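Taking it in order: structure first as structure tokens, then the write-up.
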Amino acid sequence: MTDQTKTANSMWGGRFAAGPDAIMEQINASIGYDKRLYAQDIRGSRAHAAMLAAQGIISDNDATAIREGLLTVLSEIEGGNFPFSPALEDIHMNVEARLKEIIGEPAGRLHTGRSRNDQVATDFRLWVRDQCDAAIGGLRALIGAALTQAEAGADWVMPGFTHLQTAQPVTWGHHMMAYVEMFGRDLSRFQDARRRMNESPLGAAALAGTGYPLDREATAKALDFDRPMANSLDAVSDRDFALEFLSASSICAVHLSRLAEELVIWSSAQFRFVSMSDKWSTGSSIMPQKRNPDAAELIRAKIGRILGANVALFTVMKGLPLAYSKDMQEDKEQVFDAADHLMLALAAMTGMLSDLTANRANLQAAASSGFSTATDLADWLVREAGLPFRDAHHATGALVAMAEKKGCDLDELSLAEMQSVNSAINQSVYSVLGVHNSVASRQSYGGTAPDQVRAQIARWNDVLGKEALA
């Protein structure tokens with residue numbers, strides 16, 4: 001029996017006489033990935049030890065030795081000098097074993113009133129809370145980049161699409177603000193998730209609480225939780241906080257993917273709505289003229305692995321009886337992976353938007369094509385000629401067909417040609433057929449009129465400013 005196996009057996013207790021088979025050791029160990037929780041694990045252990053001493057459960061001398069020993073372990077891990085051992089299964093046992101080597105007997109008192117069940121639940125909750133904070137910061141930066149684009153092009157006209165067909169003219173600023181709203185909801189989802197997960201499992205022990213006089217309020221406060229979790233079974237057995245993080249991440253990744261898809265389309269030679277910076281493009285190994293929007297394409301693909309992580313954890317958790325089951329060891333890798341790739345995608349999209357150049361002339365030319373002011377013509381017929389909307393819709397369709405047959409735009413039809421469809425049409429109809437007039441008329445709240453766009457930009461700048469002060 002190796003020294004590491006002996007150490008592992010001593011951590012488990014006297015119930016086991018023989019060490020694990022190699023395959024069992026391999027399937028059972030999580031240290032290869034849960035070592036990422038080292039900072040949270042050490043922080044939780046320091047809070048627990050301080051509380052044990054304050055409650056008179058361990059001596060002040062033991063608490064001091066534990067605190068100093070844990071700081072040594074932290075320094076070793078951060079310095080790359082820590083010998084992680086698969087035989088010790090996970091980050092908790094690795095840290096505790098090394099602590100025992102450093103300080104001796106007092107290390108054995110650290111686990112008083114605590115189980116690995118509430119320990120890992122606390123560590124993981126702290127880690128996911130940190131990732132919520134990171135996502136919130138990343139989204140604030142991304143919203144800021146989108147606001148800058150919106151401010152620059154608040155009155156730049158471009159085509160608005162449905163079914164990727166020209167529908168009505170909008171402004172570049174309005175289009176950018178649509179993503180501000182989407183990312184703003186993502187921001188609120190992470191903020192809401194963070195509030196809900198901000199309760200401490202520490203002190204729930206294995207599943208039933210403990211007979212030691214723990215002060216769970218004290219450890220919750222030391223770890224910046226709002227309060228202890230109110231049910232010990234729930235504290236150790238649920239991972240809904242991780243599921244909520246993954247769900248929010250999945251929705252955010254969908255929004256990132258949609259914007260990435262538009263950037264791919266807009267940067268193509270067929271659209272030329274935008275130019276991507278060289279920093280976010282790549283070339284071709286064989287075609288020297290190519291500038292490929294690889295960063296946008298990779299962001300577009302991230303939803304696959306993030307949503308996959310979400311589905312994986314839902315599947316792990318869906319049939320588990322209370323309280324803890326070893327299945328829940330499979331809760332971390334996918335969350336780690338999803339968090340890494342969400343943050344990478346947020347940073348890349350922020351960089352792309354910050355460096356993006358919108359081609360105003362091409363946007364305007366495209367806005368004028370495809371009979372994008374047809375709805376304005378129909379609305380004019382309702383307002384000025386008194387037609388019911390369905391009749392106005394039919395008359396406008398006839399004028400679109402006429403212009404299409406002639407190969408011209410609506411505003412290039414003569415007044416006589418228009419009056420051949422409806423005699424009530426007069427010269428003032430041309431005032432609504434220009435794309436600038438069209439967008440300026442959309443003054444309803446949330447509309448594309450430049451004044452409305454600027455009002456929404458100001459509102460969001462105010463929101464972000466207030467959040468920064470909070």
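Quick rundown of the values:
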item: Check on ALA416, assigned to a helix (DSSP H, G or I), over 22 Å from the mean Cα position of the chain (by Cα) and more than 30 Å from GLY138 (Cβ to Cβ); result: yes
item: Residue that is farthest from MET51 (Cα to Cα), among those in the stretch 239-269 that are among the polar types (S, T, N, Q) and outside any helix (DSSP H, G or I); result: SER268
item: Residue within the stretch 352-361 that is over 30 Å from ARG36 (Cα atoms), outside the structural domain of ALA134 (by the TED database), touching a helix residue (DSSP H, G or I) at 6+ places or on another chain (Cβ under 6 Å) and open to solvent by 10 Å² or more (accessible area, probe 1.4 Å) present; result: no
item: Residue match in the stretch 433-446 (condition: in contact with a Leu (Cβ under 8 Å, 6 or more places away or on another chain), under 20 Å from SER369 (Cα atoms) and either open to solvent by 20 Å² or more (accessible area, probe 1.4 Å) or not in a helix (DSSP H, G or I) (or both)); result: yes
item: Which numbered condition ASP331 misses (of (1) open to solvent by less than 50 Å² (accessible area, probe 1.4 Å); (2) within 24 Å of HIS174 (Cβ to Cβ)); result: (2)
item: Sole exception among (1) of a type in the set (D, E, K, R); (2) in contact with a strand residue (DSSP E or B) (Cβ under 6 Å, 6 or more places away or on another chain); (3) open to solvent by less than 10 Å² (accessible area, probe 1.4 Å) for GLU199, by number; result: (3)
item: Residue in the stretch 133-143 that is of a type in the set (Lys, Arg), closer than 30 Å to ASN61 by Cα and surrounded by fewer than 24 Cβ atoms within 10 Å (Cβ to Cβ) present; result: no
item: Test set (1) acidic (Asp, Glu); (2) at pLDDT 95 or above; (3) open to solvent by less than 20 Å² (accessible area, probe 1.4 Å) - GLU89 fails condition number; result: (2)
item: Members of the stretch 447-470 found to be among the charged types (D, E, K, R) and either buried (at least 16 other Cβ atoms within 10 Å of the Cβ) or under 25 Å from ALA365 (Cβ atoms) (or both), listed by number; result: ASP451, ARG454
item: Qualifying residue in the stretch 171-179 (condition: open to solvent by less than 50 Å² (accessible area, probe 1.4 Å), of a type in the set (S, T, N, Q), under 26 Å from the mean Cα position of the chain (by Cα) and modelled with pLDDT of 95 or more); result: no
item: Answer from ALA374, ALA378, ALA365 - the residue that is under 30 Å from LEU263 (Cα atoms) and in contact with a helix residue (DSSP H, G or I) (Cβ under 6 Å, 6 or more places away or on another chain); result: ALA374
item: Count of residues meeting criterion [hydrophobic (A, V, I, L, M, F, W, C) and in a helix (DSSP H, G or I)] in the stretch 221-238; result: 4
item: Any chance GLY407 is surrounded by 14 or more Cβ atoms within 10 Å (Cβ to Cβ) and under 22 Å from GLN364 (Cα atoms); result: no
item: Test: residue in the stretch 113-123 that is open to solvent by 10 Å² or more (accessible area, probe 1.4 Å), over 22 Å from ALA29 (Cβ atoms) and assigned to a helix (DSSP H, G or I); result: no
item: Number of positions in the stretch 153-189 that are aliphatic (A, V, I, L, M) and assigned to a helix (DSSP H, G or I); result: 6
item: Spans of helices (runs of 4 or more DSSP H) in the stretch 1-74 with at least 3 residues crowded, with 16+ Cβ neighbours inside 10 Å, at pLDDT 95 or above and small (Gly, Ala, Ser); result: 38-54
item: Residue ranges of helices (runs of 4 or more DSSP H) in the stretch 293-396 with at least 2 members under 17 Å from the mean Cα position of the chain (by Cα); result: 294-317, 333-355
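The values are calculated or read from the model by the stated rules, or taken from the named source; none is laboratory data. Keep in mind it's a predicted model, so treat the numbers as computed, not measured. In this analysis, Cβ positions are derived from the backbone assuming ideal geometry, glycine residues included, and neighbour counts consider all displayed protein chains. These area figures cover heavy atoms from the full protein model, side chains too; ligands, DNA and RNA do not enter into them. Shrake-Rupley method; radii C 1.70, N 1.55, O 1.52, S 1.80 Å.
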